[in-house]
Amino acid sequence: MPKRSRIWTSDSVLSARLELKQAKLEGFYKVDHDYVVNSAKVAKSQGVKEFILVTSMGSNENSMFLYPKTKGETERDVAALGFEKFLIVRPGFLEGPREESRLLESVGKVFIKPLKMISNSIAISMEDVAKAMVVGACSTEVKGKEIWENATLLEKKSSFEQLCKQ
């Protein structure tokens, strides 16, 4: 990696590449894995101590499906860099406005609403994910590698209002 001048002067990087336009399959891995891992490498080389990464519920480097496999490999490869704090954020179905409509998401929305009444591990708003990430970045309790699944994100986002009052 070429030597760069210091581009980050903070201790934390929050990586939230939320897909707005569907990438072609050949570009998906490059964007969701390579760009994220390379950004993490640059951050680490610049002295960044904390990295917060949004992946997805079901991320698994051993999956036979491209999406969860890519997310899992990204988690693994960023973890290998050895940040002092590495928080992995795994939201469920992301609720919120989209620029484009996707058939599976449209169908999924019909089932999500009733399921949310039963379980808090199904869906979350993009805004609540962002709030939980800020709480994670400010937390002194998170050390080493930690994973926050959807239910934890919903818990943590409620601390955001208190954090903002400090």
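The values are calculated or read from the model by the stated rules, or taken from the named source; none is laboratory data. Predicted model, so just to flag it, every value in this text is computed and none were measured. All Cβ positions, even for glycine, are placed from backbone atoms using ideal geometry, and neighbour counts span all protein chains on display.
Report every pair of residues separated by at least 6 positions or lying on different chains whose Cβ atoms are under 6 Å apart, first residue within the range 18-42 and within 26 Å of residue 82 (Cα to Cα) and part of a loop (DSSP other than H, G, I, E, B), second of a type in the set (Phe, Trp, Tyr) and at pLDDT below 85.
Here the result reads none, with nothing in the range 18-42 linked to a residue that is of a type in the set (Phe, Trp, Tyr) and at pLDDT below 85.
When the residues of the range 121-148 are filtered to those that are part of a loop (DSSP other than H, G, I, E, B) and crowded, with 16+ Cβ neighbours inside 10 Å, which remaining residue is modelled with the lowest pLDDT?
Checking each candidate, the answer is 121.
So in the range 136-145, with the set limited to residues that are of a type outside the set (A, V, I, L, M, F, W, C) and touching a helix residue (DSSP H, G or I) at 6+ places or on another chain (Cβ under 8 Å), which one is farthest from residue 95 (Cα to Cα)?
The extreme case among them is 145.
Since residue 70 meets every condition but one in (1) farther than 18 Å from residue 136 by Cα; (2) surrounded by 11 or more Cβ atoms within 10 Å (Cβ to Cβ); (3) at pLDDT below 70, which condition does it not meet?
(3)
Just to be sure before I move on: is residue 63 of a type in the set (Gly, Ala, Ser), touching a helix residue (DSSP H, G or I) at 6+ places or on another chain (Cβ under 7 Å) and at pLDDT 90 or above in the structure I sent? Before you say what the answer is, go through the steps one by one.
Values: of a type in the set (Gly, Ala, Ser): yes; touching a helix residue (DSSP H, G or I) at 6+ places or on another chain (Cβ under 7 Å): yes; at pLDDT 90 or above: yes.
In short, yes.
Determine if the range 54-65 includes at least one residue that is surrounded by fewer than 20 Cβ atoms within 10 Å (Cβ to Cβ), in a helix (DSSP H, G or I) and touching a residue at least 40 places away in the same chain (Cβ under 8 Å).
no
Could you tell me how many of the residues in the range 5-45 are in contact with a strand residue (DSSP E or B) (Cβ under 9 Å, 6 or more places away or on another chain) and modelled with pLDDT under 90?
Of the residues in that region, 9 qualify.
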